[in-house]
1. What is the sum of charges around B:Gln415, taking Lys and Arg as +1, Asp and Glu as -1, for the other residues whose C-beta is under 11 Å from the C-beta of B:Gln415?
2. Rounded to the nearest 500 deg cm²/dmol, what is the calculated helix-only ellipticity per residue at 222 nm for chain A, with -39500 (n - 2.57) per DSSP H run of length n ≥ 4?
3. Scan the stretch B:294-382 for trypsin sites (Lys or Arg not before Pro) in coil per DSSP, keeping those whose Cβ has at most 14 other Cβ atoms within 10 Å, and list them by number.
4. Could you give the longest part of chain A that holds none of the GluC sites (Glu not before Pro) found in DSSP loops with at most 14 neighbouring Cβ atoms within 10 Å?
5. Using only the alpha-carbon atoms, what does the stretch B:293-437 span along each of its principal axes? Please give whole angstrom values in decreasing order.
6. Please compute the alpha carbon radius of gyration of the protein assembly as shown, then divide it by the globular-protein estimate 2.2 N^0.38 Å. Two decimals is fine.
7. List, largest first, the extents of the alpha carbons of the stretch B:1-290 along their principal axes, each in whole Å.
8. Which of the pairs B:Lys66/B:Lys114; B:Lys50/B:Lys110; A:Lys75/A:Lys160; B:Lys39/B:Lys112 have their Cα atoms more than 29 Å apart in this structure?
Amino acid sequence: MIFEGRAWLFGDNIDTDAIIAARYLSTTDPGELAVHLMEDIKPEFPGLVAPGDILVGGENFGCGSSREHAPLAIKGAGVSCVIAKSFARIFYRNAINIGLPIMECREELSGIEPGSDRLKVDLEQGTITHLRTGRVYKAEPFPPFMQEIINRGGLIEYVKARVNPAK
Amino acid sequence: MNQKNRLDHGSASNNSTNHGSTHGSTMVEKILAAKSGKKRVAPGNLVNTKVDLALGNDITAPVAIKEFERFGVDKVFDPEKIVLVPDHFTPNKDIASAEQALLIRQFAQKYKIKHYYEIGRMGIEHALLPEQGLVRPGEVIIGADSHTCTYGALGAFATGVGSTDLAAAMVIGEAWFKVPSTLRFEFRGQLPRWVGGKDLILYTIGQIGVSGARYRAMEFAGSAISNLSVDGRLTMANMAIEAGGKCGYVQPDQVTFDYLKGRVTGPYEAVYSDDDAVYEQIFSFDVSDLEPQIAFPPSPDRVRPVSEAEGIELQQVVIGSCTNGRIEDLRIAAAVIKNKRVHPAVRMLVIPATQQIYRQALEEGLLTTFIDAEAVVSTPTCGPCLGGHMGILASGEKALATTNRNFVGRMGHPQSEVFLSGPAVAAASAVAGKIVHPEEVAR
């Protein structure tokens, strides 16, 4: 799968309260959640983000609460992929489980003009291309087992296939 | 002021050079091996384990139930091994949250979930499950709540997951894990008065940072832990996630067994780390001179001793949550605030974490002490901890809370601020109207 979209930059330790505040957790609808994405740390963001956009975080992206509403809100906004130097473990699991594409890239993506520069992400090749500069970054590969969940489109489909392989 | 230096004979050593196959295993490695049918496992291995208990709450279970329904199955793997606790937005704060609670209630009825806790029996999940005897040493417990790591205090492998993980576990009774490497934290010395489990864990998070234990297990040990009550240990394991930890744990000992007696029915097998287990890193802290600790907003690792926080004016104090809403916490707070009054500029909320704790506090006269001091006493709820209800902050307000997180907007308005502490500092500061050392109010 190849995505191309505008990049938005976020720093280190972006917590799930920042991604979606608890006061909005009375719904499970990704579209309703998306309206408040990153609202407390970047109030204008829900009005800026558009389908296909790519979020770029620093270390420990998605730390804190286990709320799956965080990756759901990101998915609901139509974000195509989240790239971070590292992910907090529950967010990492959740993103893979619900089929939100993520990439861990240890190298700092530098010189990106947020909201205007575009990135091209190749999930199979594990590469991220900064289209304005042509610079290519390499992402960490997924273990085969996780790649399988991703290929299936999430944990539910993966487990279904395991429990009932004939289907 | 130079407390940090005094404590810095605390050292970190690394013994991960021993890669021989003869070395022993940590408690977590042993539990994950046993529950995945393997003889032994090593950090980095991916394992599929049996789940002894799977937990959801009124925020996470609705998402899990939606996912569960996609399986198209007509039963759960074991109705006795699923726990559903509507504790976050309950007693329901609005129609939307009531609808979510209704969804869980109906699911629990339909699938005959044994451990569903309705209002009146409900408590904050991570105080409730140990109290009700649902947590046993040596077990694998997952919960769609990040503070599920609390149960490591009783020698279980317990970790937070998301709703989809919970949904899958409700169907197949299994979950996958990457075996974590382990960081060992040794706390030497005797804790000073007014210093407890919360101060130890805040200090630790301050030392290693919010991603210092990312993906790792945290083993808490040493004389200060041996002498720590189960309530204090639960507080410590609870906040392992605030350092990014997969789990935090204390190996079972007599203190553990005394707590489990009369709560837990049925056999269980305590598991211990081998003497020659391999740790990624070992930290050793002398805590004899540790001051009460404060985490400054907006991150639980911005930790300083109380002497560096004194004088910060407060509008709200919260004593409660899965971190510090247990009976010992209420006793400490009541001892500090007895025969005193909450400062006129401060709202103080006391939230016993479970009905049993509520009743115990009532019988011990603690609630009268709080009410006499003009504090609010609430029915069990996570409430203000996550900015849900029952004590939301306005713009520009500052709160001191015994809770676990102080991220931007955590307790209300994005321009409000939350400081974290243990119950002694919180109660004393409510009286003073500003952050103070408990000694200044209690003497």
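The values are calculated or read from the model by the stated rules, or taken from the named source; none is laboratory data. Since this is a predicted model, take the numbers as computed values, not measurements. Methodologically, a virtual Cβ is constructed for each residue, glycine included, from the backbone with ideal geometry; neighbour enumeration extends over all protein chains shown. The protein model used for the area step is the full one, side chains on, heavy atoms only, and it has no ligands, DNA or RNA in it. Shrake-Rupley method; radii C 1.70, N 1.55, O 1.52, S 1.80 Å.
1. Around B:Gln415, the surrounding residues sum to -2.
2. For chain A, the value works out to -7500 deg cm²/dmol.
3. B:Arg341
4. It works out to A:45-106.
5. 38, 28, 25
6. Here the Cα radius of gyration is 0.92 times the empirical estimate.
7. Principal-axis extents of the Cα atoms in the stretch B:1-290, largest first: 56, 44, 35 Å.
8. Over 29 Å Cα-Cα: B:Lys39/B:Lys112.
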